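One structure is given here, and the rest of the page talks about it.
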Amino acid sequence: MTQSPLQLGELTQLGHYTILSSIGRGGMGLVYLARDSRLDRQVAIKCLRTELIEPHYRERFKREALLLAKLNHPNIVQIYDYIESDGQLALVMEFVDGQNLQQHLREHIASNAQRMQWLAQIAQGLAIAHDAGIIHRDLKAENILINKHKLAKITDLGIAKSQDFSGTLTDHVTGSYGSMSPEQAMGEELDYRSDLFSFGILAYQLLCGAHPFGDTENKLQLMQRIISHPAISPFKKNPDLLPEAVELLGLLLSKNPDNRPDSTHWVAVQCEKLYLQMAANPEDSSNTTQILPHTTTENSGLYKRKTSSGYTQEHPTFDTQIVKKSALPAARPKSFIRDNSITLAFIGITVAILAGGLIWKLQLPTDSDNLAASESLEPYSQSREFNKGIEALKLFDRPGSLEAAEKSFNTILSHTPDNAAAVAGLSLVYSDRYNSDSEDPIWAQKANASAQQALILNPQLALVHVALGRVFTIKAEHDKAFAAFEQALSLEPTNIFAWRGKVYALRSAQQYSEAIELATQGLERFPQERYFADALGIIYLIQNNYTKSEEAFRLSIKLQPDAVTSYTGLNLALERQNRTDEAMQVLQQGLQIRSSEALHGNLGTGLFNKGDYVGAAASFEAAVSPTKGNPNSHLAWANLADALLWIPGREAEAKKAYSKARDLLTPLLERRKDDVTLMSRMGLYSARLGDRAKAEPLLARVIELAPKNANVHFRAGLAYELLGKRENAVATLTKAVELGYPLRLIQAEPDLLTLRRTSGAFN
């Protein structure tokens, strides 16, 4: 923040505050940097201009101070004190070490994702002000401060007033002409919706680099445009702007206040969703815009958007055709809305780790049954809601648990938006979704965003550091993960999630001895927590210690008989000991408790390996069923296709299932372009469909990237055989066996029967 030395005649002392320097000038007076001698901290002091000190201004200033002091939010500059001494009126407020948004953008590069994150933060702070009955009236880039942590804070609420405070626009400064709403420019009565229009102007400037009504120095001309002229198409200024962002801008910049959103909280949620979408696709949001003036262009009437499919889609204008509110989720006053559309799956065990030598047919535990969250008639209780969320998180692999946890944490945030524990809880939900949803990076982005927000809100909370540790684990930044979990445990030694997270991080870092030791200690400290038994079972599987793995999974089932994922782990441990019949019985036992994609899938795999293709197809059909499994799993559809292929008369169904598997895998592979597991599967699916042009480059690339991955070599070898490249198939499959791929699984693969007979290999 720019600081100027004090000039002769300026203030040097105000009460127990020592004036250090002048830092700015606001609409109602000067702003100084000062030292609070009582609390030994730097503060900002805003002094009312002496020419304004008249009774009605004095009364307004007092009322304003009382109102603003009630606002406590990380995205609002905090008011500490009110001073009335020797004719001087002043507000003492939080000193923000940074720049206003306008200055910051002139000196720093910011991605559109960063800009959208600031908009979400501003909207969150604005929502709190509106809840308190306060209208800002002058929301613009110059009145937004960006601190050194890149956190946006609303300031200069000096012209704000309570909605129930008597007064007129002519009584005081009414805001900057470039950020006014139409009703403000016409001197009409205002409510919070006027701020939403100003927020729309700010959002347009941030995302499009220009004023929505044209950049001009002519005050009267700009005000007239705001009142009666259409806004310029955002796509003319930023052709890559998301359609959802355009629709939101359309709502905010509606001339009629009744057509604007009816909840500022709802606006904040939409901005957050857009930020997370942009952050998850950096190639789409890394381009930067300027907030500096651009030349004015005329409105074209309808927005034209180039889509991925190559055709143009029309979008309504802001004024002649008001954007339909149905294009975005319905606004709900003073509540936070989250998208819960993603199907729940299993966390913690990956295909590469558990399946090891198994082909994709042997799936990991996933549950897609929807557990309907019971609606309580009890009055809201933050502690009760938080405990509900925590308990749901503990049961992460139970159907509906993550949805229930997310709902509880969002309920808290609807009442207390700056609750760090709830934000950290959401981060854990997203981390669990990342591990359960084929490691879709969008969940990692959301987990990181929430963890960083929680850290800003309360760095002394153990759960915050747990959330950070989980994010670092996902990023494979193991040292940072260990440090985060240690910090969490130093703050709260009995935090179960810190214990869990550190075990998981050690396993991810392949520090198996340390992970076993910590998991064993976890069982001793938390004897009823089956998570540590599962962790031991997984690690022993990795180490080929199948006896101990079996023992650990049986303990897990004893501790929690309805833990379907433990049945899948036990099935794998028994399979590795060639106890096939027992392994199949375990799956049947688990299915008696609850249907799941993983149990049906692994049962189908067992039947497939026995040559029972009809029974396998039935199990795989259950695995893709919306009621019994997961219809969005590309693995389940590929398994079904494999089985159908060997049932006479069902070849056409098999081709459709392979196409479904490939279609489901495509967007995931686009987000994880270098994932060798996904690449090898896409190569195999393409080979199944006879798409040589797509399959062969993928196979060559994946072998190059993963020369020591047995599973990758098996899939590539099978794909080469399907493509008629026998020599490549034999060489690649031989390498797979050398790397540890089980020979019996190659022998059980029917598509390799001809290869085995003619080449004499793998018998």
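The condition (being in a helix (DSSP H, G or I), loosely packed, with under 15 Cβ neighbours inside 10 Å and without any contact (Cβ under 8 Å) to a residue 60 or more places away in the chain) is satisfied by just one residue among GLU696, GLU670: GLU670. The residues listed here are THR473, THR416, THR411; of these, the one that is over 18 Å from LYS388 (Cα atoms), among the hydroxyl-bearing types (Ser, Thr, Tyr) and in contact (Cβ under 8 Å) with a residue 24 or more places away in the chain is THR473. The set of residues in the stretch 696-722 being touching an Asp or Glu at 6+ places or on another chain (Cβ under 8 Å) and either among the hydroxyl-bearing types (Ser, Thr, Tyr) or under 21 Å from GLY760 (Cβ atoms) (or both) consists of LEU718, GLU721, LEU722. Residues in the stretch 605-633 that are among the β-branched types (Val, Ile, Thr) and farther than 27 Å from LEU668 by Cα: VAL614 alone.
Within the stretch 553-565, can one find any residue that is buried (at least 24 other Cβ atoms within 10 Å of the Cβ) and assigned to a loop (DSSP other than H, G, I, E, B)? Looking for residues that are buried (at least 24 other Cβ atoms within 10 Å of the Cβ) and assigned to a loop (DSSP other than H, G, I, E, B), one finds at least one in the stretch 553-565, hence yes. Apart from one condition, ALA210 fits all of (1) at pLDDT below 90; (2) surrounded by 14 or more Cβ atoms within 10 Å (Cβ to Cβ); (3) among the hydrophobic types (A, V, I, L, M, F, W, C); the exception is (1).
For the stretch 571-609, filtering for residues that are closer than 14 Å to PHE620 by Cβ and either in the same structural domain as PRO742 (by TED's automatic domain parsing) or of a type in the set (Asp, Glu) (or both) leaves 1.
Exactly one residue out of ALA160, ALA129 is at pLDDT below 80, assigned by TED's automatic domain parsing to the domain that holds SER254 and touching an Asp or Glu at 6+ places or on another chain (Cβ under 9 Å), and it is ALA160. Number of residues in the stretch 527-545 that are surrounded by 19 or more Cβ atoms within 10 Å (Cβ to Cβ) and over 33 Å from the mean Cα position of the chain (by Cα) equals 0. Regarding GLU524, is this residue over 33 Å from the mean Cα position of the chain (by Cα) and more than 28 Å from ASN578 (Cβ to Cβ)? Taking the combined requirement at face value, the residue satisfies it.
Condition check ((1) farther than 21 Å from GLU749 by Cβ; (2) touching an Asp or Glu at 6+ places or on another chain (Cβ under 9 Å)) across all residues:
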| position | (1), (2) |
| --- | --- |
| LEU607 | no, no |
| LYS610 | no, no |
| PHE620 | no, yes |
| THR627 | yes, yes |
| ALA636 | no, yes |
| LEU640 | no, yes |
| PRO648 | no, no |
| ALA654 | no, yes |
| ARG662 | no, yes |
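Does ASN571 satisfy being touching a Leu at 6+ places or on another chain (Cβ under 9 Å), of a type in the set (S, T, N, Q) and over 30 Å from PRO459 (Cα atoms)? Here the answer is yes, as ASN571 does meet what is asked. Of all the numbered requirements in (1) modelled with pLDDT under 90; (2) crowded, with 23+ Cβ neighbours inside 10 Å; (3) of a type in the set (Val, Ile, Thr), THR216 misses one, and that requirement is (2).
Residue-wise test of (1) under 30 Å from PRO667 (Cβ atoms); (2) not assigned by TED's automatic domain parsing to the domain that holds THR677; (3) not in a helix (DSSP H, G or I).
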{"residue": "LEU428", "(1), (2), (3)": "yes, yes, no"}
{"residue": "SER431", "(1), (2), (3)": "yes, yes, no"}
{"residue": "ASN435", "(1), (2), (3)": "yes, yes, no"}
{"residue": "ILE442", "(1), (2), (3)": "yes, yes, no"}
{"residue": "GLN452", "(1), (2), (3)": "yes, yes, no"}
{"residue": "ALA476", "(1), (2), (3)": "yes, yes, yes"}
{"residue": "PRO493", "(1), (2), (3)": "no, yes, yes"}
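The set of residues from the stretch 708-757 being touching a residue at least 24 places away in the same chain (Cβ under 8 Å) and either on the phi > 0 side of the Ramachandran plot or not assigned by TED's automatic domain parsing to the domain that holds GLY690 (or both) comprises just one member, GLY740. Consider the stretch 99-135. How many of its residues are in contact with a strand residue (DSSP E or B) (Cβ under 7 Å, 6 or more places away or on another chain) and under 23 Å from LEU71 (Cα atoms)? Qualifying residue count for the region: 13. Within the stretch 584-601, the set of residues being in contact with a Phe, Trp or Tyr (Cβ under 9 Å, 6 or more places away or on another chain), assigned to a helix (DSSP H, G or I) and more than 11 Å from GLY569 (Cβ to Cβ) comprises LEU587, GLN589, LEU591, ILE593, GLU597, LEU599, HIS600, GLY601. Checking the structure you have, find out if any residue of the stretch 82-89 is part of a loop (DSSP other than H, G, I, E, B), of a type in the set (A, V, I, L, M), in contact with a helix residue (DSSP H, G or I) (Cβ under 8 Å, 6 or more places away or on another chain) and modelled with pLDDT under 90. Among the residues of the stretch 82-89, not one is part of a loop (DSSP other than H, G, I, E, B), of a type in the set (A, V, I, L, M), in contact with a helix residue (DSSP H, G or I) (Cβ under 8 Å, 6 or more places away or on another chain) and modelled with pLDDT under 90, which makes the answer no. The residue of the stretch 40-64 that is nearest to TYR17 (Cα to Cα), among those that are buried (at least 20 other Cβ atoms within 10 Å of the Cβ) and at pLDDT below 75, is LEU48. Per the conditions (1) closer than 25 Å to ARG756 by Cβ; (2) under 31 Å from the mean Cα position of the chain (by Cα); (3) of a type in the set (Ser, Thr, Tyr), the sole criterion not satisfied by SER659 is (1). Scanning the stretch 486-500 for residues that are surrounded by 24 or more Cβ atoms within 10 Å (Cβ to Cβ) and over 18 Å from GLU524 (Cβ atoms) returns a single hit, ALA488.
Restricting attention to the stretch 178-197, and to residues there that are modelled with pLDDT of 90 or more and not hydroxyl-bearing (Ser, Thr, Tyr), which single residue is farthest from GLU142 (Cα to Cα)? Looking at the filtered set, the residue picked out is ARG193.
The values are calculated or read from the model by the stated rules, or taken from the named source; none is laboratory data. Note that the structure is predicted; figures quoted are calculated from it, not measured. Note that we place each Cβ from the backbone using ideal geometry, even for glycine, and neighbour counts take in every protein chain shown.
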